[in-house]
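Throughout, read-outs are computed from the coordinates displayed, never taken from laboratory work. What you are looking at is a predicted structure, and each value in this text was computed from that prediction instead of being measured. Glycine also receives a Cβ, built like all others from the backbone with ideal geometry; neighbour counts cover every protein chain displayed.
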Amino acid sequence: MTSTAPLHFVDPRQFKANTRVAVDDAHLRRSFRSAMDFLQTKRAGHFGDVATFESLRGVGEAIRQYSLSKLPDLLEQLEANLIQHGVQVHWAETPEQANAIFLAIAQQHQASGMIKGKSMVSEEIELNHRMQAHGIDCLESDMGEYIVQLADERPSHIIMPAIHKTKQQIAQLFEEKIPDTPYTEDVDTLIATGRRVLRGAFRDAKIGVSGVNFLVAETGSLVLVENEGNGRMCTTVPEVHIAITGIEKVVERFEHVLPLYSLLTRSATGQAVTTYLNVITGPRREGTESPELDGPREMHLVLLDNGRSQAYRDADFRPTLQCIRCGACMNHCPVYARIGGLAYGTTYPGPIGSIISPHLLGLDPTQDLPTASSLCGACAEVCPVGIPIPDLLRQLRRAAKHDADPGHAPLAGQASAKDWKEALAWRLWAWLNTHPWLYRTTMGLGRRLRAFTPTHQAGWTAHRTPMRLAKRGLRQRLKR
């Protein structure tokens, strides 16, 4: 059922052009505004007491910061315990290495297909299309992911991938892509249609793929949070289970999962708890006094770096890795609500995407993303683990235009947006402001010639009136 068409990638380098297209799409703006209002209301229903939220957020932030402070040791502890439980652990520095691991496992088992639970990290490495190039179909089993896969699109939201689709669009998509499917706008019928397709795939697939919400180093456990049950199917029915996640998802003890879980569910979908909370500690145990009757016979975990170590090495950027992927910052962002997720051209859109994508892809292709914010602070106010997103956006804006400070390793693509004309203008401005007599002379001349001020002033006048010096300066006004 997977598509053979190339994925409709949106280049993050074209972000500004993408935003103009998105803003002109009245239907898209109405859909996202309605969806964001709904999600904000749902979340607010669980965090009505500000003091309670701040208290719980403080715990979540402390847990994530503590986990990151011990990240190398926790990863080694996690690996040792997983191996003891019979899990094969793989380390991948790049998406290419991660895909090579998946391909090797699939070829070893002569698998022609994989059934996938929801995993943003698998989207990050473009697993579906990389496997498809080798004749291996990867079918998404999360309903939202399945819809965007049929449409050859990226997810537009990290929690609700198909939030940009209407039921009419989905009905037309199913009619075109699923054989013997009549057009219907009945939501229950559409869901049943998707389930009918997926049930056979669960039964036939040799390999199941999943993401991971939390890794517990102490017990060697993988924790998966979901609502549809497809994650449980992907991790128990196929003979082989491959989980993939970023290296930052590890916590030390299982008791650390519970506050994070509470924050995640309430922040993401406004639920006290999700329908399923899966804890996986190894493949099926066989050959014991009480052998297990279900579960995979073979299990793998792929731990992906892909730029995360760059964020980790710099104390200023390390808070980026505290993220638990709830999407609350996106739901409250006025920019995301107007342009949607596809305009960003990255796996992770919205505020969180604007601070993590420069580490995953480099600043060169993502230099415009940190500027896609009014710095209103709504994202920081609702972040359940206290990530200072506006501060990180400002730091990335500076990194895109300036060389690294002495003693700091440069980010990938550092100073890629550096403009010699802008740099020269600021140097002249600094020079004028450190020479008072020259500053007064220049300002006086400018006021006399204000009638000749150009009406077009680069990008400034695209959305603003031209800047023009006042007839009298502040010093003159004070004297009067």
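In segment 12-309, if the dipole is taken from +1 on Lys/Arg beta carbons and -1 on Asp/Glu beta carbons about the Cα centre, which of ALA272, MET233, ALA171 is farthest to the positive end?
ALA171
Taking the simple approach of a point 7 Å from Cα along Cα-to-Cβ for both LEU424 and VAL273, what is their distance in nm?
Rounded to a tenth, the inter-label distance reads 6.6 nm.
Compute the label zone of ARG440 within segment 447-480: residues whose backbone N is under 17 Å from the point 7 Å along Cα-to-Cβ.
Those under the cut-off are 447-448, 472-480.
Give me the distance in nm between label points sitting 7 Å out from Cα along the Cα-to-Cβ direction at PHE452 and ASP152, one decimal.
Going by the 7 Å Cα→Cβ label model, 5.6 nm.
Per 0.36 nm of contour for each residue apart, how much would the distance between ASP314 and ASP405 grow if the chain were fully extended, relative to their Cα-Cα spacing? Intermediate results must be reported in sequence, preceding the final value.
Working: separation 91, 0.36 × 91 = 32.76 nm, distance 1.20 nm.
Separation in residues times 0.36 nm, less the Cα-Cα distance, equals 31.6 nm.
For a protection proxy built on the mean count of beta-carbon atoms within 10 angstrom, sort 265-271, 167-173, 382-388, 101-107 highest first, please. Provide the component values of the computation, followed by the final result.
On the way: 265-271: 21.3, 167-173: 15.7, 382-388: 22.9, 101-107: 17.9.
Result, highest mean first: 382-388, 265-271, 101-107, 167-173.
In what sequence, highest mean first, do 188-201, 397-410 appear when ranked by Cβ atoms within 10 angstrom?
Details: 188-201: 15.5, 397-410: 13.6.
Ranked by mean Cβ neighbours within 10 Å, highest first: 188-201, 397-410.
What share of the DSSP beta bridges in the chain is antiparallel, in percent to the nearest 5?
Values: 8 of 34 bridges.
The answer is about 25 percent antiparallel.
Can you pick out the pairs among LYS116/LYS177; LYS118/LYS249; LYS42/LYS116; LYS16/LYS42; LYS165/LYS206; LYS116/LYS165 whose Cα atoms lie more than 26 Å from each other?
Working: LYS116/LYS177 19 Å; LYS118/LYS249 16 Å; LYS42/LYS116 28 Å; LYS16/LYS42 31 Å; LYS165/LYS206 31 Å; LYS116/LYS165 21 Å.
Pairs exceeding 26 Å: LYS42/LYS116; LYS16/LYS42; LYS165/LYS206.
What whole-number value in cubic angstrom gives the convex hull volume per residue for the C-alpha atoms of segment 430-480? Kindly include the intermediate steps, with their values, before the conclusion.
On the way: hull volume 5.4 nm³, N = 51.
So the per-residue hull volume is 106 Å³.
Would you mind pulling out the separation of the Cα centroids of segment 299-353 and segment 247-265, in Å?
17
Which residue, ALA133, GLN84, PRO365, has the largest displacement toward the positive end of the dipole of the chain when charges sit on each Cβ (Lys, Arg +1; Asp, Glu -1)?
PRO365
If I fit a long axis through the Cα atoms of helix 389-401 and take the longest principal axis of the Cα atoms of the chain, what angle between them do I get, 0 to 90°, rounded to 10?
Computed tilt is about 70 degrees.
Give the cysteines in the chain for which no other Cys Cβ lies under 4.7 Å away, or write none if there are none.
Within the chain, the cysteines lacking a partner Cβ under 4.7 Å are CYS138, CYS234, CYS323, CYS326, CYS333, CYS376, CYS383.
Highest first, please rank the peptides 203-213, 46-56, 248-258 by the mean number of other Cβ atoms sitting within 10 Å of their residues. The partial results should precede the final answer.
Details: 203-213: 22.7, 46-56: 12.8, 248-258: 18.9.
Descending mean neighbour count gives 203-213, 248-258, 46-56.
What size of dipole, in debye to the nearest 20, comes out for the chain about its Cα centre when the only charges are +1 on Lys and Arg C-beta atoms and -1 on Asp and Glu C-beta atoms?
On the way: 54 positive and 51 negative charges, 809 e Å.
With Lys and Arg at +1 and Asp and Glu at -1, about 3880 debye.
In degrees from 0 to 90, rounded to the nearest 10, what is the angle of the helix 436-448 Cα long axis to the longest principal axis of the chain?
Tilt relative to the chain: about 80 degrees.
Report the label-to-label distance for ASP49 and THR465 in nanometres (one decimal), using points 7 Å from each Cα along the Cα→Cβ vector.
It works out to 5.0 nm between the two label points.
Using the Kirkwood radius built from alpha carbon pairs, what does the Stokes-Einstein equation give as D for the chain at 4 °C and 1.567 mPa s, in µm² per second? Could you put the intermediate results ahead of the total?
Numbers: Rh = 24.6 Å.
My calculation gives 53 µm²/s for D.
Among LEU424, LEU478, ALA111, which residue has its Cα positioned farthest towards the positive end of the charge dipole of the chain, with +1 placed on the Cβ of Lys and Arg, -1 on the Cβ of Asp and Glu, and the dipole taken about the Cα centre?
LEU478
Could you give the size of the charge dipole of segment 424-479 about its Cα centre, using +1 on the Cβ of each K and R and -1 on the Cβ of each D and E, expressed in debye and rounded to the nearest 20? List each step's numbers first, then the result.
Numbers: 12 positive and 0 negative charges, 76 e Å.
In total the dipole reaches around 360 debye.
Note the full-extension length gain between TYR66 and GLU175 as 0.36 nm times their separation in residues minus their Cα-Cα distance, in nm to one decimal. Walk me through the numbers on the way to the answer.
On the way: separation 109, 0.36 × 109 = 39.24 nm, distance 4.99 nm.
So the extension gain works out to 34.2 nm.
Would you calculate, for the chain, the mean residue ellipticity at 222 nm contributed by helices, counting each DSSP H stretch of 4 or more residues as -39,500 (n - 2.57) and dividing by all residues, to the nearest 500? Intermediate results must be reported in sequence, preceding the final value.
On the way: 22 runs with 229 residues, N = 480.
So the calculated ellipticity at 222 nm is -14000 deg cm²/dmol.
Determine the shape class of segment 286-379: with a ≥ b ≥ c the square roots of the Cα gyration tensor eigenvalues, call it rounded for a/c under 1.5, and otherwise prolate if a/b is greater than b/c, oblate otherwise.
Numbers: a/c = 2.81, a/b = 2.08, b/c = 1.35.
Prolate, because a/c is 1.5 or more and a/b exceeds b/c.
Multiply the residue separation of GLN110 and GLU255 by 0.36 nm, subtract the distance between their alpha-carbon atoms, and state the gained length in nm to one decimal. Could you put the intermediate results ahead of the total?
Working: separation 145, 0.36 × 145 = 52.20 nm, distance 3.96 nm.
Full extension of this stretch gives 48.2 nm more.
Show me the GluC sites (Glu not before Pro) within segment 141-211 that DSSP assigns to loop and that have at most 13 other Cβ atoms within 10 Å of their Cβ.
When the GluC sites (Glu not before Pro) of segment 141-211 are filtered for loop state and at most 13 Cβ neighbours within 10 Å, GLU185 remain.
Just flag the GluC sites (Glu not before Pro) in segment 264-344 sitting in loop per DSSP whose Cβ has no more than 10 other Cβ atoms within 10 Å.
Passing sites in segment 264-344 are GLU289.
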